Amino acid sequence: MIGFMFMARGPLDAVPLPALFPQLSASEIEVLRRAARTIDEARVGEPEPEWLWASHHAAFPGSGPGAAVILLADIVGPAGPGDQLEFLLDVSWTDQGELSVSAVVNVACWCDVDHATHDADALHMVIGGETSLSQAFQASADRLVDWLADPRDPDYWRDRAGLPAR
């Protein structure tokens, strides 16, 4: 989907935020770091919270297939066999070369037509105008932390989104 195999992985302290976002000031980088720490603190049950990043996407790589993800938190929730629950926060480039920040709750599809997965809830923000990257990241992190406090049950999220139950 996003090309996880081409992304570096590690704890938050290993993420080279200034290199990934050279346009940000030191104080804006600190906003990202604090917001990311709140996500790590909400990752109950994970032995070592892990972040994924793509340094080669720090500059806009041009439009192409798939999202050009720069930074990603991917938190897999508990789910039974054949089911899926995933909480995501990413900073990516749009095809138009704008930065965007997204927070998403993703669940397996149980529709008559198999769509594979559905976003049970999502927050997408394109950076520009009134919204800075640090503000969008903070808002997305806050939303993700709130979602992580809700039941970590795929059926809860499908019901909440009005999706078919398994």
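Computed values, structure above
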item: Residue-span extension gain [ARG9 to ASP114] - 0.36 nm each, minus C-alpha spacing; result: 34.7 nm
item: Label-point separation, ASP83 to GLU41 (7 Å along Cα→Cβ), nm; result: 3.0 nm
item: Global size of the range 100-140 as Cα Rg and Dmax, reported in angstrom; result: 13.8, 42
item: For the chain, accessible area per residue (1.4 Å probe, heavy atoms of protein chains only), Å²; result: 50 Å²
item: Residues with amide H under 5 Å from that of GLN84, placed H, sequence gap 5 or more; result: ALA108
item: Accessible surface ranking that places the most exposed of ARG160, ARG37 first, with a 1.4 angstrom probe; result: ARG160, ARG37
item: Accessible-area composition of the chain, carbon plus sulfur, in percent [1.4 Å probe]; result: 53 percent
item: All-pairs Cα distance distribution in the range 59-108, expressed in whole percent, bin size 10 Å; result: 25, 41, 25, 9
item: Relative contact order (%) - criterion: Cα under 8 Å, at least six apart; region: the range 1-142; result: 20 percent
item: Student exercise, the chain dipole from Lys, Arg, Asp, Glu Cβ charges, in Debye to nearest 20; result: 260 debye
item: At R0 = 22 Å, FRET efficiency that the Cβ-Cβ distance of ALA26 and GLN135 yields, to 0.05; result: 0.85
item: Structure-derived P(r) over Cα pairs in 10 Å bins from 0, in percent - corresponding label in [x] 10, 41, 41, 9, 0; [y] 10, 38, 36, 14, 1; [z] 9, 33, 32, 18, 7, 1; result: [y]
item: Helix-only [θ]222 nm of the chain, DSSP H runs n ≥ 4, -39500 (n - 2.57) each, per residue, nearest 500; result: -8500 deg cm²/dmol
item: By average C-beta atoms within 10 angstrom, highest first, the peptides 65-74, 111-120; result: 65-74, 111-120
item: Label-to-label distance, nm, for residues given as ALA59 and GLU98 (7 Å Cα→Cβ offset); result: 2.3 nm
item: Cα radius of gyration and Dmax for the range 75-166 (Å); result: 14.4, 44
item: Selection from TRP147, SER63, THR117 lying farthest towards where the dipole of the range 55-164 points positive, charges on Cβ; result: SER63
item: Computed magnitude of the charge dipole of the range 90-166 (debye, nearest 20; Cβ of K, R +1, Cβ of D, E -1); result: 120 debye
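The values are calculated or read from the model by the stated rules, or taken from the named source; none is laboratory data. Nothing here was measured: the structure is a model prediction, and the numbers come from that model. Methodologically, a virtual Cβ is constructed for each residue, glycine included, from the backbone with ideal geometry; neighbour enumeration extends over all protein chains shown. Please note that ligands, DNA and RNA were not included when accessible areas were found on the heavy atoms of the full protein model with its side chains. Shrake-Rupley method; radii C 1.70, N 1.55, O 1.52, S 1.80 Å.
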